[in-house]
1. Please work out if Lys161 is in a loop (DSSP other than H, G, I, E, B) and in contact (Cβ under 8 Å) with a residue 60 or more places away in the chain.
2. Out of everything in the stretch 188-202 that is part of a loop (DSSP other than H, G, I, E, B) and within 15 Å of the chain's Cα centre (by Cα), what residue ends up being modelled with the highest pLDDT?
3. Confirm whether Ser77 is farther than 22 Å from Ser216 by Cβ and at pLDDT below 95.
4. Quick check, is Lys244 more than 30 Å from Thr174 (Cα to Cα), within 15 Å of the chain's Cα centre (by Cα) and not in a helix (DSSP H, G or I)?
5. In the set Ile116, Ile130, Ile112, which member is assigned to a loop (DSSP other than H, G, I, E, B) and modelled with pLDDT of 95 or more?
6. Tell me the residue from Lys166, Lys223 that is charged (D, E, K, R) and either outside any loop (DSSP other than H, G, I, E, B) or in contact (Cβ under 8 Å) with a residue 40 or more places away in the chain (or both), please.
7. Kindly indicate whether Val173 is in contact (Cβ under 8 Å) with a residue 12 or more places away in the chain and more than 30 Å from Asp252 (Cα to Cα).
8. Of the conditions (1) in the same structural domain as Glu135 (by TED's automatic domain parsing); (2) within 27 Å of Val126 (Cβ to Cβ); (3) surrounded by 13 or more Cβ atoms within 10 Å (Cβ to Cβ); (4) not polar (S, T, N, Q), Trp250 clears all except one; give me its number.
Amino acid sequence: MNKSILFAMLSILILTSCSKIATLENTPRLPSEAEEAIAYFEKKYDVKIDPNQDWNSTVSGQVKIPKNKAIEVERVSEAEAYTMCFEDHPQTADYDMNDIVLRTTRLSEDKIQLSIIACGAHDALVLGGIQGTEEKSFNGKEVHELFGYQYGQKVFINTEKNTAYKEPVTEIVTVEKNLRMDDFLKSIYIENRTTGQTIKMPQKGEAPHAIIVPTSFRYPLEKKSITDAYPDLLTWAVNMNKNKFWYLYWIDELVYPDKFSDQ
């Protein structure tokens, strides 16, 4: 099947609601009966669940059960980190998804650490849509310049194995209390001032040129397609019941080394 068609299929499914893949235990395949599912979560998290209430996310902040006792049960806790990856040329995308790479971790209930960890683009790319009160004001700033380069130097930042590593550019953002990190990221977009295009999270049916992944995601190297680096991705895109954790299984020689997990 043509790769562009597969990506169109993927866009229907991928990360328009990032909570669907929020943690390794998120949206697990549960026992066939809702009652067994409830018992499973009560024992696992040592909580008491009232299935007759509407969506309930107040049980120790861990699980929620639909009023109709639906079999699917979501865990609503955050992942430890989230990674947001952008593709800067929608019409001619190579889908290495590393043209801008952002990472978030939570510092407190109202503070999120936002890091720019990579830029695999030569175009002038400007960040926008960052919610909250910024420490360094990344909003409206050109990304190469934030790393200390001048636009036009034609440099890739942390997307090639055999080039110098640059420390991420980091700021602290004060947000509304308990704003989820994936929801924080959903509003962020990039403006490509070279082409005049704006890239943001896709709507249903749109090709994904921005994705959010729960974990310190091993994003692809320069010019390496995410579908080659993560062979399980397209299987999951066709059937979300298969290979739900596609982002945990990569081809090592096609992804950038993990330099960010401990930051």
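1. Against the criterion (in a loop (DSSP other than H, G, I, E, B) and in contact (Cβ under 8 Å) with a residue 60 or more places away in the chain), Lys161 qualifies.
2. Ile188
3. Taking the combined requirement at face value, the residue does not satisfy it.
4. It is true that Lys244 is more than 30 Å from Thr174 (Cα to Cα), within 15 Å of the chain's Cα centre (by Cα) and not in a helix (DSSP H, G or I).
5. Ile130
6. Sole residue among the options that is charged (D, E, K, R) and either outside any loop (DSSP other than H, G, I, E, B) or in contact (Cβ under 8 Å) with a residue 40 or more places away in the chain (or both): Lys223.
7. yes
8. (2)
The values are calculated or read from the model by the stated rules, or taken from the named source; none is laboratory data. Quick caveat: nothing in here was measured; it's all calculated off a predicted structure. When we count neighbours, we look across all protein chains shown, and the Cβ atoms used for this are built from the backbone with ideal geometry, even at glycine.
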